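The values are calculated or read from the model by the stated rules, or taken from the named source; none is laboratory data. Here the structure is a predicted model, which is why all the values come from computation and not from measurement. Cβ coordinates were reconstructed from backbone atoms using ideal geometry, including for glycine residues, and neighbour counts include every protein chain displayed.
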Amino acid sequence: MGKRSNFERVERDFYPTPYEAVVPLLPHLPEPAFFHEPCVGDGDLVMHLERNGHVCAQRGDISTGQDALEIHDTQGQVFITNPPWDRKILHPLIDALPRTAPTWLLFDADWMHTRQSAQLMHNCRKIVSVGRVKWIPGSKMTGKDNCAWYLFEQTNDWRTPVTEFYGR
């Protein structure tokens, strides 16, 4: 069920990534970015990034037998994904993926303001605002939540890290 509606959520939070959600991320990627998409779904995000000159070094999904929580090596410079937003999946991903490579995740912008984010924000380096996204092609409405790209990087720096915010 949705956060502010009575609509059933799509199984495995499988919402294809619309191009409009990718555009704000593009200026923050190296050219070209060699990336690993660990929650690939139907590949829309890969297609959008590749059409902008980036290279998918690896891709996978739970449906292809790849558990993103079990990734300990990658051919990519960075992970880029639109993960499931279910906190039981999202939080372990935020903890695990940055141990292997910098990780860009697309999910709700409100998360950064919650208590549950406090222990995971220490590895957040950038937040890029996206705004509301039309997740269902052909729908008249956008989603009810604003979205953002979050960059998480593992650090051993003892100082309090700084998170850069990029508005719309």
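Any chance segment 82-91 includes a residue that's aliphatic (A, V, I, L, M) and more than 20 Å from Tyr166 (Cβ to Cβ)?
At the first step, the residues of segment 82-91 found to be aliphatic (A, V, I, L, M) are 89-90.
Keeping just the survivors that are more than 20 Å from Tyr166 (Cβ to Cβ) gives 89-90.
The answer is yes, given that some residue of segment 82-91 is aliphatic (A, V, I, L, M) and more than 20 Å from Tyr166 (Cβ to Cβ).
Could you run through segment 19-62 and say how many residues are surrounded by fewer than 19 Cβ atoms within 10 Å (Cβ to Cβ) and in contact with a Lys or Arg (Cβ under 6 Å, 6 or more places away or on another chain)?
Residues flagged as surrounded by fewer than 19 Cβ atoms within 10 Å (Cβ to Cβ) and in contact with a Lys or Arg (Cβ under 6 Å, 6 or more places away or on another chain) within segment 19-62 amount to 0.
Out of all the residues in segment 78-101, which are within 21 Å of Asp44 (Cα to Cα) and buried (at least 18 other Cβ atoms within 10 Å of the Cβ)?
Within segment 78-101, the first condition is being within 21 Å of Asp44 (Cα to Cα), and the residues that meet it are 78-86, 89-90, 93, 97.
Matches in segment 78-101: Val78, Phe79, Ile80, Thr81, Asn82, Pro83, Pro84, Trp85, Leu90, Leu93, Leu97.
Take segment 63-76 and flag every residue that is surrounded by fewer than 19 Cβ atoms within 10 Å (Cβ to Cβ) and more than 15 Å from the chain's Cα centre (by Cα).
Within segment 63-76, the subset surrounded by fewer than 19 Cβ atoms within 10 Å (Cβ to Cβ) is 63-67, 69-70, 72-75.
Scanning segment 63-76 gives Ser63, Thr64, Gly65, Gln66, Asp67, Glu70, His72, Asp73, Thr74, Gln75.
Run Ala148 past the list (1) in contact with an Asp or Glu (Cβ under 7 Å, 6 or more places away or on another chain); (2) crowded, with 19+ Cβ neighbours inside 10 Å and report the number of the one that doesn't hold.
Unmet condition: (1).
Checking Ile80 against (1) more than 21 Å from Ser117 (Cβ to Cβ); (2) under 16 Å from the mean Cα position of the chain (by Cα), which test does it fail?
All conditions pass for Ile80, except number (1).
Can you tell which of Pro24, Pro16 is under 26 Å from Ile136 (Cβ atoms), in contact (Cβ under 8 Å) with a residue 24 or more places away in the chain, of a type outside the set (A, V, I, L, M, F, W, C) and not in a helix (DSSP H, G or I)? Before you say what the answer is, go through the steps one by one.
On the way: Pro24 fails: not in a helix (DSSP H, G or I).
On inspection, the qualifying residue turns out to be Pro16.
Considering only segment 34-56, state which residues are closer than 16 Å to Gln75 by Cα and touching an Asp or Glu at 6+ places or on another chain (Cβ under 9 Å).
Of everything in segment 34-56, those that are closer than 16 Å to Gln75 by Cα and touching an Asp or Glu at 6+ places or on another chain (Cβ under 9 Å) turn out to be Glu37, Pro38, Cys39, Val40, Val46, His54, Cys56.
List, please: which pairs have Cβ atoms under 7 Å, are six or more places apart or on different chains, and start with a residue in segment 151-168 that is surrounded by fewer than 10 Cβ atoms within 10 Å (Cβ to Cβ) and end with one that is modelled with pLDDT of 85 or more?
Qualifying pairs under 7 Å: Gly167/Ser129; Arg168/Ser129; Arg168/Gly131.
Kindly indicate whether any position in segment 59-75 is more than 30 Å from Arg115 (Cβ to Cβ) and assigned to a strand (DSSP E or B).
For segment 59-75, residues more than 30 Å from Arg115 (Cβ to Cβ) and assigned to a strand (DSSP E or B): present.
Would you mind stating whether Phe107 is touching a strand residue (DSSP E or B) at 6+ places or on another chain (Cβ under 6 Å), more than 13 Å from Pro24 (Cα to Cα) and not polar (S, T, N, Q)?
Numbers: touching a strand residue (DSSP E or B) at 6+ places or on another chain (Cβ under 6 Å): no; more than 13 Å from Pro24 (Cα to Cα): yes; not polar (S, T, N, Q): yes.
So Phe107 does not fit the description; no.
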